[in-house]
Amino acid sequence: MSKNEWTEQQVEALNTTRDVLLQASAGTGKTQTVVGKIMWKLGLDPGSPRNENEPIRSCLDPCGIHEIAAITFTKSGARDLKRKLRKMLQEHPQDKSRKLSYRLDEAFVGTIHQFCSSILREHSLHLRVDPNFRTLDAHSELLKQSEIIEGEIFHNLENKIPETEALVRIYEMDTITRLTRDLLKDIRWHRKRYKDWDASLKAIPVPLPGLPPDEYLTKGLYMIASSSLAKWESHLANNNEKDFDQLILETRSLLIETPDEAMLGTIRERYKILIIDEFQDTDHAQKDIALAIAGRKSKTQLFLVGDPQQSIYGFRNADIAVWNEMKEMMRGHGDILSLTENFRSDPKIINTVNEVCDPAMTEYANSLKEKALENTAVTYQPMVAHKKPSSDGLVGKIILEEDGAASRRVEEGSLIGKEIQKLVDNKTLDYTYNDIAILYQTRSHLEKIIKGLKNSGIPCQRASLSSDECKETMEIVDLLNFLGLLHNPHDDYRALGFLRSPFVGIRDEVITKIRMTNSQNTLINQAETFAAEEAWPDYPDQPAVVRIEQFGLKNGLEAFRTAQQLVGRISLPELLQRFIRQTGYLNHLNLKDPQSALEADINIRSFLNTVEKQNPLNLGEFLSTWDVLMKNREKIDRILPDESGNKFVTMTTIHQAKGLEWPIVFLPKCD
């Protein structure tokens, strides 16, 4: 599809002045259509229709760029939409379009949280909100909320609350904290659901999703969650802070439950079109906000875009029932439109997806309807291929012979590796490892698949590390040891790890002798004394090792003392980068084979990126945040290099791969 040539389905979406629910299947030009709709709404010619019999009509009531609001699911989605819109404006032949490209920031393009924040700040006087509130990021929220929950648990244990004691006998503290936080969130979002949970807690509906199937234990969790929620909301109020949930819930409450009609009218007059992308992953609160602004009483056009077949964010309160409810509402006063022409994939891929997904989703939808859950059922929308058939296009399957689950995964990795190597070795195809991805549903037996791939000589990199993988990744462990020792130089356990790591790199025999010099002192201080005064243990077979160790200890200790002086004066990422350079840590990693060295470098970059995201936390706050992230099984994204010299197969979850593209994709564990 040319950027200025529109399909009949897209033309229909551009032309309509009614509210729209647009179901856009994967690869059907959804973002381009949204950009075209904005151009049309601005009174600009968005381009030509493919079919001249279906012309694009001029917008009879064009709006200003400040009267456009486009809500995206992520900040990266907002950046992408802005980039594409600015590009189309700058390349457009009409004179005013280039001027509009410079004024693009006057339009609202951002996430629902940013949109709600802007409403609360702009109308703070009417809403009686302090406009100087601070929005908590997800990690800060997780850290403080977990601290409050753990405090409530210990308080209950000190007061011998039997339900809490029962929980502690069965679950670990981390699990209780996680379950309580999930329940706290559910209470907050669905207060009506819990209105019958009176003080005696006799009306607890058991079981609840994700909670123990026991009324007594659920009661214990509810007691902790309800008291923690009260303290959490008090903490937010006292510190003039709002978390992401509060931004949405408070905006919904102010617009729906206690609306100021004058203020609501101002918002409705402000925006002539409200676009919501990825609407299949929204929730009832966001739907209520949208309808309050662009409801039937408003002249604001509602333009909702998404694909219910790709609804994957139920764990973030997304509810596919919202899409189906909106679809029913649209039948009376709006347009229900579709984009089904796929511009991305080979016809063989499209045909396979249709053949597999249509009966599978139909069967699942029917089962939901039988359970009276038809409002959560999704009907499959078949796609048609725009591309012409290619000789390269292929859909195939690999047959496994092993019986055991673990051995099958190793075999699977090996067979996938052989297929990958055939593709890369075929010079007529001109594929590299970078053109290939392996998408998996869960991490179970993932290491077995990686082992099989490496047995076949395939370089591969995971797109993220789980909390368990972080604990086993040498480079991350080394950096955390260093930060922990920096935070508490009396921690001899951290000091031991530091001395054994490539930051210093001395033998256990040497460390033992260091420890024997003066057991009353800290290990790091003992090491300094030893380096200055004591005789070094011999290494007759390789005498050069002694000189290398002596230099490593002296250099590592100097770098550590320098870092102590810089803590709090420079950012943590800069501190870590200086320390890595000063100790020559990367030189040790380069002694590995090229792929292992690359993986180690990626791990360091990824950890530094995680630290960067936590700025401006101080050292102690970062270490506490990291502990909470690991306890709550958070993953960290890996920063995969895009330099042409680094070629590897990307391994990622289907969930993380949403919106990304590779010419070749393998799906393991389909059995």
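The values are calculated or read from the model by the stated rules, or taken from the named source; none is laboratory data. Small disclaimer: the values here were computed from a predicted structure and weren't measured. When we count neighbours, we look across all protein chains shown, and the Cβ atoms used for this are built from the backbone with ideal geometry, even at glycine. What goes into the accessible areas is simple: the full protein's heavy atoms, side chains included, and nothing from ligands, DNA or RNA. Shrake-Rupley method; radii C 1.70, N 1.55, O 1.52, S 1.80 Å.
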- Query: What are the pairs, 6+ residues apart or on separate chains, where a residue within the range 268-282 that is over 18 Å from HIS66 (Cβ atoms) has its Cβ under 7 Å from a residue that is among the aromatic types (Phe, Trp, Tyr) and open to solvent by 10 Å² or more (accessible area, probe 1.4 Å)?
  - Reply: ASP277/PHE73; GLU278/PHE73; ASP281/PHE73; ASP281/TYR313
- Message: Looking at (1) under 20 Å from PRO573 (Cβ atoms); (2) part of a helix (DSSP H, G or I); (3) under 25 Å from the mean Cα position of the chain (by Cα), which one does LEU598 not meet, given that it meets all the others?
- Response: (1)
- Message: Looking only at the range 114-171, filter to residues that are within 25 Å of the chain's Cα centre (by Cα) and of a type in the set (Ser, Thr, Tyr); which one of those is most open to solvent (accessible area, probe 1.4 Å)?
- Response: THR135
- Message: Step by step: first the residues of the range 398-420, then only those that are outside any helix (DSSP H, G or I) and without any contact (Cβ under 8 Å) to a residue 60 or more places away in the chain, then the one that is least open to solvent (accessible area, probe 1.4 Å). Which residue is that?
- Response: GLY404
- Query: Can you tell which of ILE639, ILE602, ILE654 is in contact (Cβ under 8 Å) with a residue 60 or more places away in the chain and either surrounded by 15 or more Cβ atoms within 10 Å (Cβ to Cβ) or touching a Pro at 6+ places or on another chain (Cβ under 9 Å) (or both)?
  - Reply: ILE602
- Task: Considering only the range 503-524, state which residues are farther than 18 Å from THR583 by Cα and touching a residue at least 12 places away in the same chain (Cβ under 8 Å).
- Result: GLU509, VAL510, ILE511, LYS513, ILE514, THR517, THR522, LEU523
- Residues of the range 542-572 being hydrophobic (A, V, I, L, M, F, W, C) and open to solvent by less than 90 Å² (accessible area, probe 1.4 Å), which ones? ALA544, VAL545, VAL546, LEU553, LEU557, ALA559, PHE560, ALA563, LEU566, VAL567, ILE570, LEU572
- Of all helices (runs of 4 or more DSSP H) completely enclosed by the range 1-105, which ones contain at least 1 residues that are within 28 Å of ARG331 (Cβ to Cβ) and either over 28 Å from the mean Cα position of the chain (by Cα) or of a type in the set (S, T, N, Q) (or both)? 8-15, 30-41
- Query: Taking the stated definitions as given, is ALA107 surrounded by fewer than 14 Cβ atoms within 10 Å (Cβ to Cβ), closer than 25 Å to ILE71 by Cβ and of a type in the set (A, V, I, L, M)?
  - Reply: no
- Query: Of the residues that make up the range 580-597, is at least one in contact with a Lys or Arg (Cβ under 7 Å, 6 or more places away or on another chain), open to solvent by 20 Å² or more (accessible area, probe 1.4 Å) and touching a residue at least 24 places away in the same chain (Cβ under 8 Å)?
  - Reply: no
- Out of all the residues in the range 148-179, which are charged (D, E, K, R), free of Cβ contacts under 8 Å to residues at least 40 places away in the same chain and part of a helix (DSSP H, G or I)? GLU150, GLU158, GLU165, ARG169
- Task: Looking only at the range 23-41, decide whether some residue is at pLDDT 90 or above, over 20 Å from VAL384 (Cβ atoms) and either surrounded by fewer than 21 Cβ atoms within 10 Å (Cβ to Cβ) or among the polar types (S, T, N, Q) (or both).
- Result: no
